[in-house]
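Enquirer: Encoded as structure tokens, here's the structure I'll be asking about.
Only the coordinates and a few stated rules stand behind these numbers; no lab work does. Given the structure is predicted, the values throughout are model-derived calculations rather than measurements. Positions of Cβ are generated from backbone atoms using ideal geometry, with glycine treated the same way; all protein chains shown enter the neighbour counts.
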Amino acid sequence: MTDGVGVSNSLAGTAVVGAVVQAGSIGQVVLPTPRAPVPRQLPAGVRDFTGRAGELAAVGSALGGSSDEPGGPSVVVLEGMGGVGKTSLAVRWARGAESRFPDGTLFADLRGYGPSAPLVPSAVLAGFLQGLGVSAEAVPAAEEAQVGLYRSLTASRRVLVVLDNAVSADQVRPLLPAGSGCVTVVTGRMALTGLAVSDGAVRLPVGVLPVEDAVALVEGVIGEERARAEPEAVASLVTLCGGLPLALRVAACRVAGRRHGSVAGLVAEIAGQRGRVEGLSVSGDDSAAVRAVFDASYARLSPEQARLFRLLGLHPAAELGEGAAAALSDWPMSRVHRLLEDLADLNLVEPVEVGRYRLHDLAHAYAAGRADVDDSGSDRRQAMERVIGWYATVADVADRVVFPGNSPFALRGRAPGVPEFDRATAMAWLIVELPTLMAAVRIAHRDGLWEETILLAGAYRFVTLRPQSWWPLRLEAETLGLSAAQAAGDDASELSLLIRRGNTHHDMGLWAQAEADFMQVLEASRRVGDTVRELDAWCGLGYLHRAHERYEQALACYTGALPLARRAGEVRTEAVVEGNLGAIHTAAGRPREGLVHAERELVLRRAADPASEAHALQAMAVAWQQLGEHRRVLELCEQALQSCREVGGMEYLVAPLCETAATSHEYLRQPAQARQKLEEAIAVLTTLMDPQAEQVLLRLRALEAGAADQSSP
């Protein structure tokens, strides 16, 4: 289904139109591009960062002290055990060096070690490309094309790239910038030998803090006066923590939070715990110091704090909001907020933003281990079902806000902590939670939570509004949802998800798979008398035929869809069907028939969705242009452009409207006005990073050349 001319992404019941752009070369044509943004993506550094003077100097020395030397080392890998402070070190050096990189700083946590799967390079590249000024619509779908565009953009720039928590050289290599003035700093627990062999990376080991730096860290947290009052106890604490910054910071925060407690008391507590923690495994880390410090901190928690901390270990990702924590615990939001703040004060969780927290992956693994020891299997299972159900409910609510209209899925009761969304906040929530939603839908399907799987799968329409590299995630989720619907015997949800997956297949260019999904829906919906799903199937098949310029087959599909839309009372869908019928007739050289449908479309859009009337106005303008009514064309184009300006978010329609108007200006021998419209179209297409800008620019140059010839004596 499509809303009108141009390229569109189809979503069941809703059409989203926009430029679908593959990476391409503009060649030698110079376009009037806006100034590229300068990304500064580094996270905030650790406030009490201590020591590491030698390591900081080693990074600078390995990189030659300057990023101006082509051919010199441009990749440094900081290697070391979990909790040793690699990330803090990398961010500290990068913040000090940022001024050397005027074209920006890119940062990504590759999640090499943690509860979720490591990030694939394409997911990171999509974010990097947008940081470098590429619009979401222009990010290529294929990783190879993303890599090519990324290297092209960085070839002549001076960019600093920080890749945290890498798991392999293959994960890192596509993310290396191309310019000799660029520098990449990578952190990882494993020796990334491949980067040294094939990419000239310099490997720098990061060990535990020397005693003097470790003591300084403790002093910075608890205060010099308290530390110097118990120098032997501080030295013992450093020894027990093995000089590991994470363990030291957690332990020191424990002392700082007990105004009347002593360092010696905490040392005794940790020493007493060490014999009890040998059976615990913390994310494959052999350091007893981390386990002992966490165990000592855990032992001091109140029963409420301890239970919430354990439950955080069951969460599918290391970052979560208060609503998810409330679902895990089945406690009120106010209570959960207070407890999360307590855990943050103890350095067991880290505040990310208001109402949102993150656990270090070692803390997440420790909490999960405590849950295995301290909670029954049924308690853990119930907590997981609650949080998966919460995500399913909130995702469903957010999806309904982003795509208003009737949803084919049953709305669950409103869960505690569900935000009050508008469209912008709903979209933002879905984007932020995408990694967790993917983990949730996989867990739900694995554990046979069929209703939750279906709801989660149905909430992935927003992915098609994001870079094309995200689209396979929607396909995976909808396929899991289909499997769940079949297992549950839920025929209605199965048909709805087949339509959704057919649209996803279509958007990804998987034509045969899309047609198979739509045909399956058509046959099944006719068999059970489901008018709405039959309507969706006809629209999906019609758009497939139209995309391949099989106009008569497309007309047959949309003609079959029209009475179904009227019978179902789907006014907006009826407008889309009329718009497609009109566009197909006009494209086939029958503008008067096209005009009839376009005028009906305008009436319907004004009734159901006035903000979208520009689609109908443009279709009418194209039809009138074929009939030679150029002044009327200009009136309609200006009306549509004004509507686009008022509504916002309709930039994709501005360029074709300007090109249509330019054609009529040329017919009316108004070259100056035609040139103005083409320049406006080029500006919009350039902003959208649409390669079609090249063709419009060539048209503008031809127009200017023609005007120059006519003015020559």
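Enquirer: Please give the helix 143-154 orientation as an angle from the longest Cα principal axis of the chain, in degrees from 0 to 90, rounded to the nearest 10.
Expert: 80
Enquirer: Just to check I understand the Karplus step: with θ = phi - 60° and J = 6.51 cos²θ - 1.76 cosθ + 1.60, what whole-Hz values come out for the range 524-537, glycine and proline as x?
Expert: Result, ordered by residue: 5, 5, 5, 5, 9, x, 8, 5, 5, 5, 5, 4, 4, 5 Hz.
Enquirer: If you average 1/r over all unlike Cα pairs in the range 428-496 and invert the result, what Kirkwood radius do you get in angstrom?
Expert: One over the average 1/r among Cα pairs gives 11.9 Å for the range 428-496.
Enquirer: Another question, if that's okay. Counting only residues 5 or more places away or on other chains, whose amide H sits under 5 Å from the amide H of residue 352 once H atoms are built in the peptide plane?
Expert: Under 5 Å from the amide H of residue 352: 357, 358.
Enquirer: Okay, moving on. Could you list which residues have their amide H under 5 Å from that of residue 161, counting only those 5 or more apart in sequence or on another chain, with H placed in the peptide plane?
Expert: The list, which skips near neighbours in sequence, is 106, 183, 184, 185.
Enquirer: Also, I was wondering about something else. Fewest first, what order do 538, 450 take by the number of other Cβ atoms within 10 Å?
Expert: Fewest-to-most Cβ neighbours within 10 Å comes out as 450, 538.
Enquirer: Right, something else. Can you give me the angle between helix 121-131 and the longest principal axis of the chain, using Cα atoms only, in degrees from 0 to 90, rounded to the nearest 10?
Expert: 70
Enquirer: So what is the relative contact order of the range 36-205, in percent, for Cα pairs below 8 Å that sit 6 or more residues apart?
Expert: 33
Enquirer: How far is helix 571-587 tilted off the main Cα axis of the chain, in degrees rounded to 10, range 0 to 90?
Expert: So the inclination is approximately 60 degrees.
Enquirer: Hey, another quick one. Using the Karplus curve 6.51 cos²θ - 1.76 cosθ + 1.60 with θ = phi - 60°, what ³J(HN,Hα) values do you get for each residue of the range 651-657, in whole Hz, with x for Gly and Pro?
Expert: The phi angles translate into 4, 4, 8, 5, 4, x, 5 Hz.
Enquirer: What's the Cα-based Rg to Rh of the chain, Rh via Kirkwood?
Expert: Rg/Rh for the chain comes to 1.04.
Enquirer: Let me ask another. With 10 angstrom as the radius, rank 98, 219, 570 by how many other C-beta atoms surround their C-beta, starting from the fewest.
Expert: 98, 219, 570
Enquirer: When only Cα pairs under 8 Å and 6 or more residues apart are kept, what is the percent relative contact order across the chain?
Expert: Once normalised by length, the contact order is 13 percent.
Enquirer: Take the chain, mark every one of the trypsin sites (Lys or Arg not before Pro) that falls in a DSSP loop and has at most 14 other Cβ within 10 Å, then report the longest stretch left between them, sites excluded.
Expert: 415-668
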